[in-house]
Amino acid sequence: MKIRPSLKLYFFISVVLLGSVMAIGFSLLSVNYFINGLDKGLNSVMIDIAKTTEVEDGHPVNVIGFHVAKRWQDTPAVIQQRFESPPQDANQLQKRKDQSSVFSIPENLFFVVLAYTDEGEKRFVSKNILENNGLEHPGAQVPKKNRLYWALFTALAAIIIFSFVLVMIMQKIAKPIESLKNWAKSLNQDSVQHSPPDFSYNELNVLASLVQSSLISAHQSLEREQRFLSYASHELRTPISVIRSNVDLLTRLSEKSPLSDKQQLTLQRIQRAGLTMSDLTETLLWLSRDDEHDMAPEPVNLHAKINLLCDELNYLLNDKSVEVQIEGEPCRVNVRATACHIVLSNLIRNAYQHTSYGEVKIKQVGSRITIINSNHNNDTTSSIDDASNKKVATGYGLGLQLSEKIIKRHGWFYEITDEQGRYQVTVDFGDNKGVS
């Protein structure tokens with residue numbers, strides 16, 4: 001099962017990660033600027049002390065915590081240990097620190113500056129900032145681990161507060177979107193005509209108007225199509241009935257006055273066209289009706305229905321080398337008889353029409369019917385559509401498409417297998433699993 005990503009979750013995680021990265025980045029930048037500022041300030045103080053303090057060789061002095069010496073060897077031993085050689089660049093602060101990790105506070109800091117007086121004499125100014133400097137009471141020291149824990153706790157609290165605020169903002173934005181989704185799902189042919197509610201945001205209101213106008217347009221198109229099918233089907237039934245009745249009349253007259261072979265062939269063609277038009281009209285009329293679900297099911301003998309339809313449609317196999325095999329067993333199913341008749345008629349007609357040389361096999365087991373039409377001549381497995389000048393696979397036809405619509409409407413099982421030179425359709429009138 002494919003897990004679809006959540007837009008809300010994706011937005012939440014993205015914003016939290018982006019906010020965390022920006023907070024960490026700006027924090028590091030702020031710390032860097034802060035330390036650089038302190039270093040520059042300390043460097044300036046040490047240079048001023050060097051210029052204003054008188055020192056003799058071998059007699060360094062201490063001025064407000066800064067050690068001033070004229071020679072490098074007069075600087076404190078700890079400074080000489082930390083710095084391997086005396087500084088060479090004048091007025092440049094040199095710094096060393098004792099730090100266990102990047103994220104911990106330095107335990108000890110050591111500074112030294114080489115400066116010159118106005119007379120050009122050297123001065124080495126140094127200062128130590130040790131861990132316990134400035135703490136009068138050792139018991140008041142804050143353990144290093146506690147400092148790290150406090151820093152982590154503060155960062156975690158900031159992320160939680162940021163996430164909470166983000167969730168509140170998302171709720172305020174997501175609630176109108178959820179309302180829009182629920183409103184769109186509840187739309188039907190009647191409610192779509194009503195004005196959409198206010199969704200708080202102008203963009204959502206515009207989207208709701210677009211959804212409403214699109215659905216209204218789709219409903220209007222569907223209604224026009226249904227009306228056209230209904231009117232056309234009703235209007236076609238009368239001329240088709242006239243054609244079929246006159247064909248029957250000519251057939252009876254031909255028994256008294258035999259027709260020529262050419263006339264007989266023409267009469268048969270008219271008769272076949274009339275039957276095809278009649279079935280197609282009934283199918284279109286059925287699809288255009290809105291009250292088919294109100295019709296009560298009735299028992300239909302599938303085996304007898306198949307044999308009857310095969311006999312009626314047998315004229316489609318005239319002048320064709322096609323073998324028909326029918327396998328079945330007595331079985332009655334409670335279905336809407338007209339819909340069942342249309343589906344079976346279209347499926348069998350489709351198999352007969354699109355098989356030129358081969359066999360048609362109809363197998364009925366209970367309520368399940370399988371129709372297979374196989375062409376032995378590969379040249380007949382495709383035909384050319386004159387309107388689009390494209391190849392169309394044999395086995396497809398308007399009757400098949402109309403049957404699919406009826407099957408979907410009634411929820412019957414339906415399966416198609418299309419292979420080279422072989423087309424198989426399975427329909428189950430007792431199984432409501434839908435179209436596969």
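Some notes on this structure:
- Amide H contacts for residue 130 (H built 1.01 Å from N in the peptide plane; partners 5 or more residues away or on another chain; cut-off under 5 Å): 109.
- Cα-derived Rg over Rh, computed across region 5-48 with Rh taken as Kirkwood radius: 1.46
- Per-q log10 I(q)/I(0), region 1-112, q = 0.17, 0.22 Å⁻¹ (Debye; single scatterer per alpha-carbon; no solvent): -0.95, -1.29
- Trypsin sites (Lys or Arg not before Pro) lying in DSSP loop within region 317-367, provided at most 15 other Cβ fall within 10 Å: 320
- Here the accessible area is traced with a 1.4 Å probe on the protein chains. For region 179-290, carbon and sulfur cover 55 percent of it.
- Rg over Rh [alpha-carbon atoms, Kirkwood Rh] for region 332-378: 1.06
- Rolling a 1.4 Å probe over the protein heavy atoms gives region 1-112 an accessible area of 72 Å² per residue.
- The label-point distance for residue 61 and residue 325, in a model that sets each label 7 Å from Cα toward Cβ, rounds to 12.1 nm.
- Counting only Cα atoms, region 170-269 measures 88, 21, 16 Å along its principal axes, largest extent leading.
- Exposure check, 1.4 Å probe, all protein chains in place: residue 277 carries approximately 80 Å² of accessible surface.
- Accessible area of residue 116 in the full protein assembly, 1.4 Å probe (Å², nearest 10): 90 Å²
- Per residue, the solvent-accessible area of region 227-369 (1.4 Å probe, heavy atoms of protein chains only, all protein chains present) comes to 57 Å².
- Additional length obtainable on full extension of the chain from residue 332 to residue 249, 0.36 nm per residue less Cα span: 26.3 nm
- Cα-based equivalent ellipsoid, region 202-326: semi-axes from gyration tensor eigenvalues, Å: 44, 20, 15
- Approximating the spin labels as points 7 Å out from Cα along Cα→Cβ, the residue 36-to-residue 186 distance works out to 5.9 nm.
- The H on the amide N of residue 365, modeled in the peptide plane, is under 5 Å from the matching H of 370, each at least 5 residues off or on a different chain.
The values are calculated or read from the model by the stated rules, or taken from the named source; none is laboratory data. Note that the structure is a prediction, hence the values are computed from the model and not measured. All Cβ positions, glycine included, derive from the backbone under ideal geometry; neighbour counts span all protein chains shown. Note: areas computed on protein heavy atoms with side chains; ligands, DNA, RNA excluded. Shrake-Rupley method; radii C 1.70, N 1.55, O 1.52, S 1.80 Å.
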